[in-house]
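> Before I ask anything, let me first share the structure, which is written out below as structure tokens.
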Amino acid sequence: MGRRAKALGVLSIVVFVLGTHAPTQAAGPNGLSLGISGANGTGTAEVPGVACADGGSGDNWHYSYAAKVPAGVFTATLPADVRLGLNLHAEPDTLTPARTYSHAFLLRSESDTWLTNAHGALRLAMTAGSGTCADSPLDFDGTTASGAGAWVVAAGTGAYRNASGNGTFVMRAAVGPGADNAFSLNMLGSIAVLQPTISVPGATAHWDGSLHLNYLKRVLTVTYAVANTGPGDAFGVNLIGVESLTPGVTAQFAPGSSRRVGDIAAGASRSVSVTYTTTTANPPCALLVVGCVVQARLTFQVPDALDVSAAPAPSIDTAATAPLLP
């Protein structure tokens, strides 16, 4: 006879994602340390299943656990949903007077951990041994399975498309018929996501203000186009530094301040404006503003889909010509 067990999943989880990126395509992977523990897994069991000798994969249990984690756990700025799924299989050692077990395995790559937030989702496929009846590396007493295995990034959606990574895990999971099934999982490894690359393809200078006062005061505004030419998406891009490279021109941008540019998907662009004061005493921005080219070095903070920013922060040299008249 088959038996089924269902219960609500409740998990506690701690995740640490560490590392740095260069502002180019595929920077080095980020270390991943994931620890999960909880109780009340929900699932079903097929007992008896089709025996391995008959071409099947033995008795099996399909259990899942889920929880929400706050911002600062998987990524710095977003809460995340975590779902753990087990596809556990075992051949009984004895059938009578009761079925007993000593070992089990995870069927191929059908057990997994999903990490999902507003940026996208990552599927970490878990294996223990070869994932077949011939190799059952997990300890199993019919109620609780425990042991070690490996994981690999098997799929990614949204900003986690084409992500890669791998590592190891240690797990312990109860799959009894009641609502008191406990679960713990520890993962170590690394994950790499596609990287954004920031460029400034254009800059437009203009004299803002009414009655041409900014022109008379030599207060110039430059609007910069900020483009993401890399394969990865950027989230929460900030302008964190502006250095004028033109004598007599000063950027109105305090050291240590920042100006939000926003999220920039791969292939997209946004804009950001900076105000400069010029002096009539020094060329090239003299009284007639002939040949006044404002050269500046812009520095950006560019977080990727894991909220990890490029290090060092990328700096880009730009130039904008001031209009002769307002």
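The values are calculated or read from the model by the stated rules, or taken from the named source; none is laboratory data. For clarity, every value in this text was computed on a predicted model and none was experimentally measured. Note that each Cβ is placed from the backbone with ideal geometry, even for glycine, and that neighbours are counted across all protein chains shown. For the accessible areas, the whole protein counts, side chains as well, though only heavy atoms, and no ligand, DNA or RNA atoms are used. Shrake-Rupley method; radii C 1.70, N 1.55, O 1.52, S 1.80 Å.
> Within the stretch 186-195, is there a residue that is without any contact (Cβ under 8 Å) to a residue 40 or more places away in the chain, open to solvent by 30 Å² or more (accessible area, probe 1.4 Å), assigned to a strand (DSSP E or B) and farther than 30 Å from residue 292 by Cα?
No, because not a single residue in the stretch 186-195 is without any contact (Cβ under 8 Å) to a residue 40 or more places away in the chain, open to solvent by 30 Å² or more (accessible area, probe 1.4 Å), assigned to a strand (DSSP E or B) and farther than 30 Å from residue 292 by Cα.
> Whether any residue in the stretch 6-24 is more than 27 Å from residue 164 (Cα to Cα), open to solvent by less than 40 Å² (accessible area, probe 1.4 Å) and modelled with pLDDT under 50 is what I want to check.
For the stretch 6-24, residues more than 27 Å from residue 164 (Cα to Cα), open to solvent by less than 40 Å² (accessible area, probe 1.4 Å) and modelled with pLDDT under 50: present.
> A follow-up question, please. Evaluate the stretch 28-42: report whether one residue or more is part of a loop (DSSP other than H, G, I, E, B), more than 30 Å from residue 93 (Cβ to Cβ) and either open to solvent by 30 Å² or more (accessible area, probe 1.4 Å) or at pLDDT below 50 (or both).
Looking through the stretch 28-42, at least one residue is part of a loop (DSSP other than H, G, I, E, B), more than 30 Å from residue 93 (Cβ to Cβ) and either open to solvent by 30 Å² or more (accessible area, probe 1.4 Å) or at pLDDT below 50 (or both).
> Among residues belonging to the stretch 160-184 that are within 20 Å of the chain's Cα centre (by Cα) and in contact (Cβ under 8 Å) with a residue 40 or more places away in the chain, point out the one that is most open to solvent (accessible area, probe 1.4 Å).
By that ranking, first place goes to 162.
> Here's a follow-up. Filter the stretch 91-125 down to residues that are among the small types (Gly, Ala, Ser) and at pLDDT below 95 and give me whichever is surrounded by the most Cβ atoms within 10 Å (Cβ to Cβ). Steps first, answer last, please.
Step one: list which residues in the stretch 91-125 are among the small types (Gly, Ala, Ser), which gives 98, 102, 104, 109, 111, 118, 120-121, 125.
In the following step, the residues that additionally are at pLDDT below 95 were identified as 98, 109.
Working: 98: 8, 109: 16.
Ranking the candidates gives 109 first.
> For the stretch 101-112, check the following and say yes or no: at least one residue is part of a loop (DSSP other than H, G, I, E, B) and touching a Phe, Trp or Tyr at 6+ places or on another chain (Cβ under 9 Å). Working first, answer last.
Filtering the stretch 101-112 down to residues part of a loop (DSSP other than H, G, I, E, B) leaves 101-102.
Cutting the leftovers down to touching a Phe, Trp or Tyr at 6+ places or on another chain (Cβ under 9 Å) gives us 101-102.
Checking the stretch 101-112: at least one residue is part of a loop (DSSP other than H, G, I, E, B) and touching a Phe, Trp or Tyr at 6+ places or on another chain (Cβ under 9 Å).
> Right, another one. Of all residues in the stretch 73-100, count the ones that are farther than 23 Å from residue 151 by Cβ and among the charged types (D, E, K, R).
3
> In addition: Hey, among the residues in the stretch 43-65 that are touching a residue at least 40 places away in the same chain (Cβ under 8 Å) and open to solvent by 50 Å² or more (accessible area, probe 1.4 Å), which one's nearest to residue 122 (Cα to Cα)?
Looking only at the stretch 43-65, we keep the residues that are touching a residue at least 40 places away in the same chain (Cβ under 8 Å), and these are 43-49, 51-52, 57-61, 63-65.
Those left that are additionally open to solvent by 50 Å² or more (accessible area, probe 1.4 Å): 46, 48.
On the way: 46: 28, 48: 33 Å.
Restricting to residues being touching a residue at least 40 places away in the same chain (Cβ under 8 Å) and open to solvent by 50 Å² or more (accessible area, probe 1.4 Å), the top hit is 46.
> Would you confirm, using the coordinates I've provided, whether residue 176 is of a type outside the set (Asp, Glu) and part of a strand (DSSP E or B)?
For residue 176, the condition - of a type outside the set (Asp, Glu) and part of a strand (DSSP E or B) - is not met.
> Now for a different question. Would you check which residues across the stretch 134-159 are in a loop (DSSP other than H, G, I, E, B), touching a His at 6+ places or on another chain (Cβ under 9 Å) and open to solvent by 50 Å² or more (accessible area, probe 1.4 Å) and list them? Before the answer, list the steps.
At the first step, the residues of the stretch 134-159 found to be in a loop (DSSP other than H, G, I, E, B) are 134-137, 141-143, 159.
After this cut, where a residue has to be touching a His at 6+ places or on another chain (Cβ under 9 Å) as well, the list is 136-137, 159.
Passing the criteria: only 137.
> Let me ask another. May I ask you to verify whether residue 78 is touching a residue at least 12 places away in the same chain (Cβ under 8 Å) and under 19 Å from residue 183 (Cα atoms)?
Against the criterion (touching a residue at least 12 places away in the same chain (Cβ under 8 Å) and under 19 Å from residue 183 (Cα atoms)), residue 78 does not qualify.
> Starting from the stretch 235-251, keep only residues that are on the phi > 0 side of the Ramachandran plot, then list their pairs with residues that are of a type in the set (Asp, Glu) whose Cβ atoms are within a distance under 7 Å, requiring at least 6 positions of separation or different chains.
Pairs found: 236/263.
> Need pairs with beta-carbon distance below 6 Å; first residue over 21 Å from residue 253 (Cβ atoms) and within the stretch 298-319, second open to solvent by 10 Å² or more (accessible area, probe 1.4 Å) and part of a strand (DSSP E or B); sequence gap 6+ or separate chains.
306/17
> Given the criterion closer than 28 Å to residue 321 by Cβ, in contact with a Phe, Trp or Tyr (Cβ under 6 Å, 6 or more places away or on another chain) and of a type outside the set (Ser, Thr, Tyr), identify the matching residue among 214, 238.
Just a single option satisfies the conditions, and that option is 214.
> Here is a check on your reading of the model: is residue 129 open to solvent by 30 Å² or more (accessible area, probe 1.4 Å), on the phi > 0 side of the Ramachandran plot and not charged (D, E, K, R)?
yes
> While we're looking at this one, here's another question. Would you mind finding the one in 97, 92 that is outside any strand (DSSP E or B) and over 19 Å from residue 138 (Cβ atoms)? If you could, list the steps in order and put the result at the bottom.
Working: 92 fails: over 19 Å from residue 138 (Cβ atoms).
So the residue among 97, 92 that is outside any strand (DSSP E or B) and over 19 Å from residue 138 (Cβ atoms) is 97.
> Any chance the stretch 66-73 includes a residue that's in a loop (DSSP other than H, G, I, E, B) and modelled with pLDDT of 90 or more?
No: zero hits.
> Show me the strands (runs of 3 or more DSSP E) entirely contained within the stretch 215-326 in which 3 or more residues are open to solvent by less than 50 Å² (accessible area, probe 1.4 Å).
In the stretch 215-326, 219-228, 234-244, 259-264, 269-278, 293-301, 315-321 are the strands (runs of 3 or more DSSP E) which contain 3 or more residues that are open to solvent by less than 50 Å² (accessible area, probe 1.4 Å).
> Something else: Got a number for residues in the stretch 74-89 being assigned to a loop (DSSP other than H, G, I, E, B), in contact with a His (Cβ under 8 Å, 6 or more places away or on another chain) and buried (at least 22 other Cβ atoms within 10 Å of the Cβ)?
From the stretch 74-89, those assigned to a loop (DSSP other than H, G, I, E, B) are 74-79; that's our starting set.
With in contact with a His (Cβ under 8 Å, 6 or more places away or on another chain) added as a condition, the list becomes 75, 78.
Imposing the further condition that a residue be buried (at least 22 other Cβ atoms within 10 Å of the Cβ) reduces the set to 75.
Number satisfying all stated conditions: 1.
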